[in-house]
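Reviewing the structure listed below.
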Amino acid sequence: MAEVRVKKETNLAEPAEVETRIRELCQQFPQGITDQVIQNDMPHLEPQQRALAINKLLSLGQLDLLRNSSGLLYRLKDSQTASKMKGSDNQEKLVYQIIEDAGNKGIWSRDIRFKSNLPLTEINKILKNLESKKLIKAVKSVAASKKKVYMLYNVQPDRSVTGGAWYSDQDFESEFVEVLNQQCFKFLQSKAEAARGGQQSPMVQRNSSFATSHEVWKYISELGISKVDLSMDDIETILNTLIYDGKVEMTVIAAKEGTVGSVDGQMKLYRGVNAVLPPAGLVKTPCGLCPVFDDCHEGGEISPSTCIYMTEWLEF
């Protein structure tokens, strides 16, 4: 009986076609693709062909090699960044990738050293080189005045790093915050006085004395007392301090979707209040109104010994 031989079908895909398809997959999945994604898309592709195509794209600087909990990821590299990183060695590319993964919160040089396993002297040299190319920047953090975090050059730092509108060169702008406190309270007081001056029922007067945080924000913006752009969240932070001081009360009402100042179908309203009689010292204990009372303890980040409200109350 004649021997029957079955010839195994081989994949004759051109390397250029494979590379093009991998780039297309990376464009479809900007966060990165795994080997499994490539296998599912090209099931007949030999592992050796796949490896050759990936290695070529990596050597050309068209892909970034990342690592997550599920394994290796391949991500399409930005063309502008790729041109700037041209000629960089693997160590420099590794440090850049670590900083890129840190996002807008940045990363300490110590953590870069831990993740890259490179000597500190080599890391400092790489960081200076990347800064000179304007690929990364060093930003001082309000959390630690003597330390800097590194992030990509075109990334806007997170508020937790800069401190937001209340900090300037790592210094807390207490006078600026006090001025905002006074102006926000003044606006709410004037609105309440205008409501009381009308010939309306007490309930209508009370409802008319409320203002939205958007109205307060608009008033502060038109005053032009801030050198930085304040957000609605910034104004609500100021209004919250007035609530804790007993000068303002807040209520929440239902609002139509799309209404200015509403969030998730709700809107916060604020009104200035004046005490009928000056409260006694014990009644004014700051701990009774403190929103972080449960987190306050001696030696902690929130502590009675460092509480400005407690200090003012004791002086009273």
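The values are calculated or read from the model by the stated rules, or taken from the named source; none is laboratory data. As the structure is a computational prediction, the values presented were derived from the model and not from experiment. Positions of Cβ are backbone-derived with ideal geometry, glycine not excepted, and every protein chain shown enters the neighbour counts. The protein model used for the area step is the full one, side chains on, heavy atoms only, and it has no ligands, DNA or RNA in it. Shrake-Rupley method; radii C 1.70, N 1.55, O 1.52, S 1.80 Å.
Every listed requirement among (1) of a type outside the set (A, V, I, L, M, F, W, C); (2) under 26 Å from Leu127 (Cβ atoms); (3) touching a residue at least 60 places away in the same chain (Cβ under 8 Å) is met by Asn181 save one, (2).
Of Gly299, Gly265, Gly272, Gly258, which residue is at pLDDT below 80 and either within 25 Å of Gln182 (Cα to Cα) or exposed (fewer than 10 other Cβ atoms within 10 Å of the Cβ) (or both)?
Details: Gly299 fails: at pLDDT below 80; Gly265 fails: either within 25 Å of Gln182 (Cα to Cα) or exposed (fewer than 10 other Cβ atoms within 10 Å of the Cβ) (or both); Gly272 fails: at pLDDT below 80.
Unique residue meeting the criteria: Gly258.
Taking Gln189 as the residue in question, decide whether it is in the same structural domain as Ser221 (by the TED database) and out of contact with any strand residue (DSSP E or B) (no Cβ under 6 Å at 6 or more places or on another chain). No; evaluated as a whole, the condition is false for this residue.
Confirm whether Ile225 is of a type in the set (A, V, I, L, M, F, W, C), open to solvent by 50 Å² or more (accessible area, probe 1.4 Å) and in contact (Cβ under 8 Å) with a residue 24 or more places away in the chain. Steps first, please.
Values: of a type in the set (A, V, I, L, M, F, W, C): yes; open to solvent by 50 Å² or more (accessible area, probe 1.4 Å): yes; in contact (Cβ under 8 Å) with a residue 24 or more places away in the chain: yes.
Yes.
In the set (1) modelled with pLDDT of 85 or more; (2) part of a helix (DSSP H, G or I); (3) surrounded by fewer than 17 Cβ atoms within 10 Å (Cβ to Cβ); (4) not assigned by the TED database to the domain that holds Val155, Leu58 fails one condition alone, (1).
Among the residues of the range 33-58, those that are out of contact with any Lys or Arg (no Cβ under 8 Å at 6 or more places or on another chain) and among the β-branched types (Val, Ile, Thr) comprise Thr34, Val37, Ile54. When Ile136, Ile126 are screened for being in contact with an Asp or Glu (Cβ under 7 Å, 6 or more places away or on another chain), assigned by the TED database to the domain that holds Asp89 and open to solvent by less than 80 Å² (accessible area, probe 1.4 Å), only Ile126 passes.
So which of Phe176, Phe185 is in a helix (DSSP H, G or I), of a type in the set (Phe, Trp, Tyr), touching a Leu at 6+ places or on another chain (Cβ under 7 Å) and over 23 Å from Ala255 (Cβ atoms)?
Values: Phe176 fails: touching a Leu at 6+ places or on another chain (Cβ under 7 Å).
Result of the check over Phe176, Phe185: Phe185.
Contact annotation: residue pairs with Cβ atoms under 7 Å, 6 or more positions apart or on different chains, pairing a residue in the range 20-42 that is of a type in the set (Ser, Thr, Tyr) with a partner that is not in a helix (DSSP H, G or I), are Thr34/Ser70; Thr34/Gly71; Thr34/Leu72; Thr34/Leu73.
When you scan the range 142-162, how many residues do you find that are part of a helix (DSSP H, G or I), open to solvent by 30 Å² or more (accessible area, probe 1.4 Å) and in contact with a Ser or Thr (Cβ under 9 Å, 6 or more places away or on another chain)?
Looking only at that region, the number is 2.
Select from the range 163-222 the residues that are under 25 Å from the mean Cα position of the chain (by Cα) and either open to solvent by 60 Å² or more (accessible area, probe 1.4 Å) or of a type in the set (Asp, Glu) (or both) and list them in ascending order. Across the range 163-222, the qualifying residues are Tyr167, Asp169, Asp171, Phe172, Glu173, Ser174, Trp217, Lys218, Ser221. The residue pairs whose first member lies in the range 130-150 and is of a type in the set (Asp, Glu), whose second member is surrounded by fewer than 17 Cβ atoms within 10 Å (Cβ to Cβ), and whose beta carbons are closer than 9 Å, counting only pairs six or more residues apart or on different chains, are Glu131/Ala138; Glu131/Tyr153.
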